[in-house]
1. Which whole-Hz couplings ³J(HN,Hα) result when phi for each residue of the range 47-60 is put into the Karplus expression 6.51 cos²θ - 1.76 cosθ + 1.60, θ = phi - 60°, listed in order with x for Gly and Pro?
2. Can you figure out the FRET efficiency of ARG70 with LEU16, using R₀ = 25 Å and their beta-carbon distance, to the nearest 0.05?
3. Kindly state, to the nearest 0.05, the FRET efficiency for LYS7 paired with MET27, given R0 = 41 Å and r defined as their beta-carbon distance.
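Read-outs: derived from the displayed coordinates by stated rules, not from any lab. From a predicted model like this one, the values you see are computed outputs, not experimental measurements. Heads up, the Cβs are rebuilt from the backbone with ideal geometry, glycines too, and the neighbour counts pull from every protein chain shown.
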Amino acid sequence: MGKGKKKIAPIVTAVLVVLYVGPLVVMMAAAAGLMGASDAAAVVPFFLLYALAGGAVILGVLCAMAQRLREIDGGEEDEAKKY
């Protein structure tokens, strides 16, 4: 199997996660911004926490994808098969 075909799975997975989590992050951030002053004190930190957590998930998935693509380019994908 060529390197190009091995790169498809990590890229597709990362795109699907970003497409799933991204709108959730945007909705949480937008909801936090739309809250009135009386509601904001209790709810905005909660929404922002979820928005930050979603952003961390997206960042982690993109970093993992980049690392996996470097492994594939370096020929390391077959290293684990030795053990």
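1. 5, 5, 4, 5, 5, 5, 5, x, x, 5, 4, 4, 4, x
2. So the FRET efficiency works out to roughly 0.75.
3. Efficiency for this residue pair is about 0.85.
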